[in-house]
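I have placed the structure first, in the form of structure tokens, so that the comments after it can refer back to it.
The values are calculated or read from the model by the stated rules, or taken from the named source; none is laboratory data. This structure is a prediction, so every number in the text was calculated from the model and none was measured. Glycine gets a Cβ as well: all are built from the backbone with ideal geometry, and neighbour counts include every protein chain shown.
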There are 2 protein chains.
Amino acid sequence: MSGPSEGLDEVTPEIVRQIEEALADGDSAEAKQLMETLSPTGQASVFEQVSEQQRDMLVALLKRELDPEMLAELDEDVLEDVLDQLDTKDIAAVARGMEADDAASLIEDLPEEEQREVLAELPANERAGIETALAYPEDSAGRLMQLSLVKVPDSWAVGQVIDYCREATDLPEDVYDLFVVDPAGRLRGSVPLGRMLRTKRPVSVLDIVDPDISSVHATADQAEVAHLFRDKNLVSCPVVDDDRRLLGVIMVDDVVDVIDEEAEEDLMKMGGVGADDMHVDTLQTTQRRASWLGVNLITAVIASLVIGQFETAIEKIVALAVLMPIVASMGGNAGTQTVTVAVRALAMGELTAANMFRFIFKEVLVGGLNGFLFAILMGGAVMAWYGDIRLGLVIGAAMICNLLAAALSGTLIPLGLQKIGVDPAVSSTVFLTTVTDVIGFLAFLGLATLFLL
Amino acid sequence: MSGPSEGLDEVTPEIVRQIEEALADGDSAEAKQLMETLSPTGQASVFEQVSEQQRDMLVALLKRELDPEMLAELDEDVLEDVLDQLDTKDIAAVARGMEADDAASLIEDLPEEEQREVLAELPANERAGIETALAYPEDSAGRLMQLSLVKVPDSWAVGQVIDYCREATDLPEDVYDLFVVDPAGRLRGSVPLGRMLRTKRPVSVLDIVDPDISSVHATADQAEVAHLFRDKNLVSCPVVDDDRRLLGVIMVDDVVDVIDEEAEEDLMKMGGVGADDMHVDTLQTTQRRASWLGVNLITAVIASLVIGQFETAIEKIVALAVLMPIVASMGGNAGTQTVTVAVRALAMGELTAANMFRFIFKEVLVGGLNGFLFAILMGGAVMAWYGDIRLGLVIGAAMICNLLAAALSGTLIPLGLQKIGVDPAVSSTVFLTTVTDVIGFLAFLGLATLFLL
């Protein structure tokens with residue numbers, strides 16, 4: 001969909017295969033030529049699709065010709081792997097000419113020693129910008145901001161500003177808003193470039209400035225920045241210090257990356273994967289996943305300890321063993337539904353102290369209604385299947401208990417975790433399934449012991 | 001973080017409570033005044049936090065004074081509820097003066113009859129814009145685009161363009177790029193406003209145009225649009241028809257909403273919730289959730305049919321009933337991890353025919369390694385717990401089988417669903433847990449029957 005001179009975005013499996021073959025045949029020229037037909041995005045996609053070994057060969061082939069834009073598109077784990085193949089001089093060569101914020105995020109994960117070496121290779125003015133960015137905490141507004149922006153004194157008239165823009169050669173191409181500052185460098189507001197263009201030359205910039213624009217502090221977390229861009233539909237947002245002095249500007253395209261990253265994190269956390277581990281090697285992936293499985297093993301063992309308490313009942317009525325996973329599993333699924341809605345609503349700020357009780361009440365009601373529905377379904381089926389009315393009543397009652405427990409714990413667990421400062425996306429489900437397994441087995445086997453033996 | 005004159009963004013539970021109290025006391029003036037202290041975003045947040053009844057009271061209170069920006073921020077289900085309270089004249093009053101794309105998305109879910117009535121209330125020029133937008137399929141680029149943009153003929157010089165911009169009164173404020181078209185209205189490229197400003201007046205716009213800019217077809221899906229903005233770091237993107245005639249422009253802030261929506265959808269689907277049902281009434285929520293639970297019930301019943309085949313084994317060794325959920329649950333969790341990574345990688349285009357086999361191979365290896373690890377752990381624990389070496393060996397072997405099955409089905413199921421055109425985010429997990437439950441119970445109880453009886 002983009003013009004041909006930028007190179008192809010869409011990487012077909014066919015192209016990837018051709019590149020892989022060229023690498024396997026040792027035909028570097030061919031591989032290089034194939035890569036050059038691709039846009040930075042396309043190249044990044046190839047880097048993410050080939051094997052680690054082939055990726056290393058590509059890095060060795062391209063070295064300093066690696067496209068900075070391509071690197072900026074790479075998945076974090078893949079980038080780390082690419083940088084591992086480069087020495088500090090190569091990295092510096094690539095970082096040269098990048099925006100300070102992009103260069104900072106390129107080298108932020110390098111060991112400190114190596115960071116210093118890379119910085120030493122860069123011209124003083126570029127180094128300063130990157131060092132400024134690195135001085136802010138990771139994932140902060142200070143890291144995201146770019147330093148190049150158009151800053152004009154509040155004493156100027158529109159004509160002066162226009163002349164200044166026409167004469168200055170080092171202004172960024174992607175200027176959308178001009179920022180107006182007072183003599184101390186404090187932000188007075190912004191003027192959209194389009195408005196500037198349409199105003200008569202003698203008018204003072206202060207007459208057309210938006211004084212109430214949103215701004216963020218340099219130490220604000222990137223999630224907060226993303227929230228602001230989203231709520232206010234911003235295209236750019238100035239970054240200020242404690243005294244409201246203008247430090248830089250964050251552009252929306254960097255925020256889109258942040259939003260993507262956070263959405264991905266939420267999904268991965270809910271799925272029990274610490275991070276996107278597609279590009280991490282097998283052993284490391286195994287390790288990362290094992291720790292989560294270990295936590296789940298504890299849950300499963302707790303559930304099985306509960307079952308262990310009812311060995312006699314199961315020995316007498318073996319149907320209990322056949323039916324008990326149904327009760328536990330329905331509770332787990334219903335609880336996951338509630339947790340998913342709660343976690344998302346908490347993240348979006350839609351679930352607060354103001355509507356917490358209403359939310360819990362509604363979820364419990366939904367749980368009760370669905371409990372009742374599936375109690376009838378399952379109870380009826382069991383009566384028909386085993387010809388035992390009391391067994392049907394027991395499984396029905398257990399179903400209602402467990403779906404109510406699922407609704408209660410599906411709301412209270414994420415709310416409680418949020419309250420004590422633990423990310424509800426990570427750990428809600430494991431606590432939840434512990435509850436629904438334990439209550440599921442306990443209710444079903446307990447009621448069976450009471451009424452059937 | 002924003003200036004005071006725009007109103008507060010942050011809605012504290014205290015403010016919500018004050019508004020709720022004012023409504024309960026019938027003090028409309030107070031409630032209205034409290035709402036007026038809030039920004040559109042803040043007001044939307046209140047609408048999402050109060051009960052349905054209170055929301056209806058707020059709508060009745062504000063009617064035509066409802067802020068269009070606030071409505072644009074509302075969750076879809078809440079918006080629907082708000083529109084239900086308004087008659088077509090009220091809706092038309094609110095829609096008047098909105099951008100055509102926003103107005104179209106305001107009324108797109110209304111019944112056709114009502115849509116026509118609203119449109120009839122609007123001035124002809126606004127109506128035409130909205131009708132144009134509505135003519136495109138929902139979730140297409142044509143719906144997202146705004147019609148107001150700056151379009152200049154390719155025969156103009158920079159001076160002419162600047163004069164035109166200075167004189168035209170109806171130009172949008174948020175202009176970032178000017179679009180250059182040929183006499184037939186076909187897109188020739190774009191010029192960033194900043195570059196225009198810095199170019200000498202006699203230069204032809206064709207000399208400074210970017211000819212290779214990205215564009216999308218009006219019928220392109222919004223997910224595709226979001227992908228393009230993300231990959232190319234765009235701020236705006238022109239929308240064209242079959243003949244590459246310029247129709248409108250999509251701005252990044254609308255795309256941010258799309259990205260958010262799609263991320264939310266993925267999360268909700270994986271959690272077994274059809275859509276964000278926080279703002280839907282209890283009965284409807286119950287219904288939506290029940291259908292998913294019904295599907296899961298079938299899964300659970302299939303698993304329990306498998307257990308039913310081994311009643312004799314369980315009767316003889318009741319420990320089997322105690323331990324079997326552990327094997328099934330570990331498989332389910334390991335499989336969910338794999339599915340999560342696969343679904344995300346498919347959505348991001350990182351998993352393709354080119355690296356499919358490498359991906360499957362790696363997942364199976366990870367599954368095997370973790371299977372081995374947990375086989376030793378669980379096998380050892382069971383030997384210690386029950387003092388039965390053969391039971392330990394059986395559970396260990398079953399664990400390895402099930403984690404391998406989890407890895408295989410965790411990759412093959414989403415890949416297969418994608419292949420046949422079914423959204424893997426929705427249905428992967430339910431198929432997966434069917435497999436891991438069945439294989440878990442079958443392997444454990446089957447091996448036990450073979451070796452322990």
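In table form, for the structure just shown:
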quantity: Test: B:Ala398 is surrounded by 24 or more Cβ atoms within 10 Å (Cβ to Cβ), at pLDDT below 95, assigned by TED's automatic domain parsing to the domain that holds B:Leu447 and touching a Phe, Trp or Tyr at 6+ places or on another chain (Cβ under 8 Å); calculated: no
quantity: Single unsatisfied condition, B:Val364 versus (1) hydrophobic (A, V, I, L, M, F, W, C); (2) more than 7 Å from chain A (Cβ to nearest Cβ); (3) closer than 27 Å to A:Val327 by Cβ; calculated: (3)
quantity: Hits in region B:330-354 - residues which are within 14 Å of B:Gly371 (Cβ to Cβ) and polar (S, T, N, Q); calculated: B:Asn333, B:Gln337, B:Thr338
quantity: Matching residues in region B:87-114 - criterion: being outside any helix (DSSP H, G or I) and among the charged types (D, E, K, R); calculated: B:Asp87, B:Arg96, B:Glu99, B:Glu108, B:Asp109
quantity: Flag for B:Gly189 being surrounded by fewer than 19 Cβ atoms within 10 Å (Cβ to Cβ) and either more than 23 Å from A:Arg198 (Cβ to Cβ) or at pLDDT 90 or above (or both); calculated: no
quantity: Total residues in region A:208-225, condition more than 8 Å from chain B (Cβ to nearest Cβ) and in contact with a Gly (Cβ under 7 Å, 6 or more places away or on another chain); calculated: 4
quantity: Scan of region A:142-164 for residues that are touching a Gly at 6+ places or on another chain (Cβ under 7 Å) and either outside any loop (DSSP other than H, G, I, E, B) or without any contact (Cβ under 8 Å) to a residue 12 or more places away in the chain (or both), ordered by number; calculated: A:Gln146
quantity: Exclusive hit being outside any helix (DSSP H, G or I), out of contact with any Cys (no Cβ under 7 Å at 6 or more places or on another chain) and among the charged types (D, E, K, R), set B:Glu350, B:Glu363; calculated: B:Glu350
quantity: Hey, A:Asp281 crowded, with 18+ Cβ neighbours inside 10 Å, over 18 Å from B:Gly440 (Cα atoms) and either in the same structural domain as A:Ile213 (by TED's automatic domain parsing) or of a type outside the set (Lys, Arg) (or both) or not; calculated: no
quantity: Qualifying residue in region A:229-246 (condition: among the hydroxyl-bearing types (Ser, Thr, Tyr), at pLDDT below 90 and assigned by TED's automatic domain parsing to the domain that holds A:Asp174); calculated: yes
quantity: A:Arg195 vs. criteria in contact (Cβ under 8 Å) with a residue 40 or more places away in the chain, outside the structural domain of A:Ile91 (by TED's automatic domain parsing), closer than 30 Å to B:Val191 by Cα and not in a loop (DSSP other than H, G, I, E, B); calculated: no
quantity: Matching residues, region B:146-160, being at pLDDT 90 or above and surrounded by 19 or more Cβ atoms within 10 Å (Cβ to Cβ); calculated: B:Val152, B:Val158
quantity: Conditions (1) over 27 Å from A:Val252 (Cα atoms); (2) at pLDDT below 90; (3) of a type in the set (Asp, Glu); number of the one not met by A:Asp109; calculated: (1)
quantity: Breaking point among (1) at the interface with chain B (Cβ under 9 Å from one of its Cβ atoms); (2) among the hydroxyl-bearing types (Ser, Thr, Tyr); (3) surrounded by fewer than 16 Cβ atoms within 10 Å (Cβ to Cβ); (4) touching a helix residue (DSSP H, G or I) at 6+ places or on another chain (Cβ under 7 Å), for A:Thr169; calculated: (4)
quantity: Filter result (surrounded by fewer than 18 Cβ atoms within 10 Å (Cβ to Cβ) and in contact (Cβ under 8 Å) with a residue 60 or more places away in the chain) within region A:175-186; calculated: A:Ala184, A:Gly185, A:Arg186
quantity: Subset tally (residues that are touching a Phe, Trp or Tyr at 6+ places or on another chain (Cβ under 9 Å) and farther than 14 Å from B:Arg186 by Cα) for region B:234-260; calculated: 11
quantity: In region B:200-224, residue nearest to the chain's Cα centre (by Cα) [restricted to those that are assigned to a strand (DSSP E or B) and acidic (Asp, Glu)]; calculated: B:Asp221
quantity: Region A:19-45, residues that are outside any helix (DSSP H, G or I), exposed (fewer than 15 other Cβ atoms within 10 Å of the Cβ) and not β-branched (Val, Ile, Thr); calculated: A:Asp25, A:Gly26, A:Asp27
quantity: Pick from region A:115-141, criterion assigned to a loop (DSSP other than H, G, I, E, B) and free of Cβ contacts under 8 Å to residues at least 40 places away in the same chain, ranking: farthest from A:Pro192 (Cα to Cα); calculated: A:Glu121
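Table: residues versus (1) touching a helix residue (DSSP H, G or I) at 6+ places or on another chain (Cβ under 6 Å); (2) over 22 Å from B:Leu171 (Cβ atoms); (3) among the aromatic types (Phe, Trp, Tyr).
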| position | (1), (2), (3) |
| --- | --- |
| B:Arg198 | yes, no, no |
| B:Ser204 | no, no, no |
| B:Asp207 | no, yes, no |
| B:Ser215 | no, no, no |
| B:Ala220 | yes, yes, no |
| B:His227 | no, yes, no |
| B:Asp231 | yes, yes, no |
| B:Ser236 | no, no, no |
| B:Val239 | yes, no, no |
